[in-house]
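The next block holds one structure in the form of structure tokens; read it before the comments.
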Amino acid sequence: MAIAARNALYLRRRLRNTIARALAFAATAFGLGWLVLILGVLIFEGIGGLSLAVFTENTPPPGAAGGLLNAIMGSIVMTVLAIVIGTPIGVLAGTYMAEYGRHDKLASVVRFINDILLSAPSIVIGLFIYEVLVAPMGHFSGYAGSVALAVIVIPVVVRTTEDMLTLVPDTLREAAASIGLPRAHMIVRIAYRAARAGIVTGILLAIARISGETAPLLFTALNNQFFSLDMNAPVPSLPVVIFQFALSPYEEWQKLAWTGALLITVTVLALSIIARSLTARKS
Amino acid sequence: MNAGFPAIGREPLFQDARGLRVSEVTLNDSALRGAEARSRAAVLKRLRVSDLAFRGLTRGAALMVLALLSGVILALVIGSVPALKAFGFGFITSEVWNPVTEQFGALAPIYGTLVTSIIAMVIAVPVGLMIAFFLTELCPMWLRRPIAIAIELLAGIPSIIYGIWGLFVFAPFLQKYVQPALIDTFDGVPVLSSLFEGPPYGIGMLTAGFILAIMVLPFITAISRDVFDAVPPVLKEATYGLGCTTWEVFKHVILPYTRVGVLGGVMLGLGRALGETMAVTFVIGNAHKVSASILAPGTTISASIANEFTEAVGDLYTSSLIALGLILFVITFIVLAIARYMLLRIQKRAG
């Protein structure tokens, strides 16, 4: 009797274990399934519209054929400007936290705030830039869009720079100090060099992050039907064009939206894979 | 320039770890008087100044991060003053959203934000934990990295892609197959029937919640995996030694040990879900309405802002949308702060 009860308990435990394992398998398949499904649909829908015209022609009026040239250019210019603005600030702030303020209060406060900025809703960043740049200037502009993107770049770069500089062995710093190198020189010539791959990774991740950002551009850079490199005026960008075209009733526009979506996704995923392999080789 | 450095000094070149003070003793040494010493002093002075300048520069950049956050809060508060003045506390409790009569209440967006985030967490937390369980305990070693990277790629896909995919692929699928089934199944069941009620639109709060779940899944998985990996092997081995099954080890040892970290990861995911904009904007339906049914279209704070901000005419309309942004920022700030606090705690314990 006792043995039967013990056997029953054993079987129940084994059954539970088997179910849990099956659920874990199923959960993983579920997660991977979405990735395959999303990428599959994206390629299926997007690749048909992929042609030279996409890169050579501007966004069309409703019902006409066209490309995404102005949107792609706008995205590239704004991304570059955002990186140019955001990277130095991010790298310097990360440097302070890893090199000067490892144990001071300011650094830990900044770290905490930075982590919050890192996952703060990007639409709020858009509102912020609208308030401080667009409203005073009186019009939407590419500059405002770039600054909004730069605000998103900064926390990403701060985080990776700090992490990567912390990984640089202290013996390198001590060796530099022992030959009389001032601290600033040690950081620029030695610590940066040792952490270069990691810092570049951070910048690539930041580019990946902002090249798909839509929300902060909606009411900063706005949109533009035409090719324009005037950063003081509304500038089109790929994500905003996708947003507008996908929600439109016109079939040509929806098709272009899918193609644009494919372009963005390929860019973003390629960037994050390159970034990952850069640091993987390092470690 | 290196030749300008004194080779031997009575004191080290640096007096403290900051490298601020350069020993003057060396320079005053009688053997080093004259032009050579002066040029050395000049070089050292330049180095000292550049050193200080660099430190100031990095400190300024760090302070800038603080300034950014304060700037965001300040701008939102100033921008939302007109709306809060006009509606007072009623702004949060009123469901009316009427641009024509300029009556604005935030209840529907707040409700939609909370409901979609709850749906997302209900789906993503168990699935994310199970994936992390799979990756740390069950998966063969050589498969761990590829699967982990694949799941993390989900986090890399821009939210607008989730939106367009949700609108054209997922919503029609739900409308055709899942929602009719849900409506039929729960028809007549007391509470659940009102939860799954109404015509199957395809777009709505359930769809938005589901898409959000896929988006926050990688965050929950990544953090859970990290904290699961940090469980000391001795603990697990001891439990296996008692004859426990893998699931029992997970449930009774790993989960309790990593509770704080897992909660931190969940809060981080929640913070993401609350603030997510584009994916939700595509599939939520943008209806300023509080409905019990999760199949009904609704709106979230971020979707309202994204949809209406550029078209908002009049200061009160704009200001109401900014006030919505302020509410969203406050909620996510609190959630994210709790998440970071919990993750910091577990980091400290891990050493």
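Taken together, the values in this text are just the output of simple stated rules run on the coordinates, not laboratory data. Note that the coordinates shown come from a computational prediction; the quantities given were computed from them, not determined experimentally. All Cβ positions, glycine included, derive from the backbone under ideal geometry; neighbour counts span all protein chains shown.
Could you give each residue of the range A:157-171 its phi-based ³J(HN,Hα) in whole Hz, using Karplus coefficients 6.51, -1.76, 1.60 with θ = phi - 60°, and x for Gly or Pro?
Here the 3J(HN,Hα) series is 5, 4, 4, 5, 4, 4, 4, 6, 5, 5, 6, 5, x, 5, 4 Hz.
With a sphere of radius 13 Å drawn around the Cβ of A:G31, what net charge do the other residues whose Cβ falls strictly inside it have (Lys, Arg +1; Asp, Glu -1)?
With Lys, Arg at +1 and Asp, Glu at -1, the neighbours total 0.
Whole-Hz ³J(HN,Hα) for each residue in the range B:276-284, computed from phi via Karplus 6.51 cos²θ - 1.76 cosθ + 1.60 with θ = phi - 60°, x for glycine and proline: what do you get?
Computed from phi, the couplings for the range B:276-284 are 4, 10, 5, 4, 5, 4, 5, 10, 8 Hz.
How high is the relative contact order of chain B? Use alpha-carbon pairs under 8 Å, at least six apart in sequence, and give a whole percent. Let's see the in-between values first.
On the way: 456 pairs, mean separation 79.5, N = 351.
For chain B, the relative contact order is 23 percent.
Using the beta-carbon distance between B:F173 and B:L255 and R0 = 45 Å, what value does 1/(1 + (r/R0)^6) give for FRET efficiency, to the nearest 0.05?
Details: r = 34 Å, r/R0 = 0.75.
Efficiency for this residue pair is about 0.85.
How many angstrom lie between the Cα centre of the range A:48-97 and the Cα centre of the range A:232-250?
Comparing the Cα centres of the range A:48-97 and the range A:232-250, I get a distance of 12 Å.
Which three semi-axes in whole Å describe the equivalent ellipsoid of the range A:89-247, each the square root of 5 times a Cα gyration tensor eigenvalue, listed largest first?
Values: eigenvalues 277, 47, 37 Å².
Its equivalent ellipsoid spans semi-axes of 37, 15, 14 Å.
Pick out which of B:P232, B:P109, B:P172 has the largest mean-square fluctuation in a Gaussian network model of chain B, springs linking Cα atoms closer than 10 Å.
Answer for the Gaussian network model of chain B: B:P232.
Averaged over peptide B:289-299, how many Cβ atoms belonging to another chain are found within 10 Å of each residue's Cβ?
On the way: counts 0, 0, 0, 0, 0, 0, 0, 0, 0, 0, 0.
Shielding by partners across B:289-299 averages 0.
Pop the C-beta distance of A:L37 and A:M137 into the FRET formula with R0 = 41 Å and round what comes out to the nearest 0.05. Working shown, then result.
Numbers: r = 43 Å, r/R0 = 1.05.
Working from the Cβ atoms, E equals 0.45.
With a cut-off of 8 Å between alpha carbons and a minimum separation of six or more residues, what is the relative contact order of chain A in percent?
Details: 375 pairs, mean separation 73.6, N = 283.
For chain A, the relative contact order is 26 percent.
Can you tell me the convex hull volume per residue for chain A, based on C-alpha atoms, in Å³ to the nearest whole number?
So the per-residue Cα hull volume is 226 Å³.
Out of B:E311, B:E276, B:E197, any idea which swings most in a Gaussian network model of chain B, alpha carbons joined below 10 Å?
Largest GNM mean-square fluctuation: B:E311.
Taking only C-alpha pairs under 8 Å that are 6+ residues apart, what is the relative contact order of the range A:234-283 in percent?
Computed over the range A:234-283, the figure is 29 percent.
Other chains' Cβ within 10 Å of A:148-154 residues: what's the mean?
Per-residue shielding by partner chains comes out at 1.
HN-Hα J couplings of the range B:323-328 from phi, Karplus 6.51/-1.76/1.60, θ = phi - 60°, integer Hz, Gly and Pro as x?
In residue order, the calculated couplings are 4, 4, x, 4, 4, 4 Hz.
Most mobile of B:S50, B:S194, B:S304 per a Gaussian network model of chain B (Cα springs, under 10 Å)?
B:S50
Taking 0.36 nm per residue of sequence separation and subtracting the Cα-Cα distance, how much length would be gained by fully extending the chain between B:V189 and B:A292, in nm to one decimal?
Stretched out fully, the B:V189 to B:A292 stretch lengthens by 35.6 nm.
Could you compute the net charge surrounding A:A191? Neighbours are other residues with a C-beta less than 11 Å from the C-beta of A:A191; K and R count +1, D and E count -1.
Net charge around A:A191: +3.
Less than 10 Å Cβ to Cβ from B:R340, Lys/Arg counted +1 and Asp/Glu -1: what total charge do the surrounding residues give?
On the way: positive: A:R111, B:R345; negative: A:D115.
Charge balance in the 10 Å sphere: +1.
Along Cα→Cβ, 7 Å out, is where each label goes; now give me the distance between the ones at B:L57 and A:F30 in nm to one decimal.
That separation, rounded to one decimal, is 5.1 nm.
Kirkwood Rh over Cα pairs of the protein assembly as shown into Stokes-Einstein at 20 °C, 1.002 mPa s: D in µm²/s? Write down the numbers at each step before the final one.
Details: Rh = 27.0 Å.
Translational D for this selection: 79 µm²/s.
Using amide H atoms built 1.01 Å from N in the peptide plane, name the residues 5+ places from B:Q103, or on other chains, whose amide H lies under 5 Å from its own.
Amide H neighbours of B:Q103, under 5 Å, 5+ apart: B:N98.
Obtain the nm distance between the two label points defined at A:Y250 and B:S70 by a simple spin-label model: each point lies 7 Å from its Cα along the Cα-to-C-beta direction.
It is 4.8 nm.
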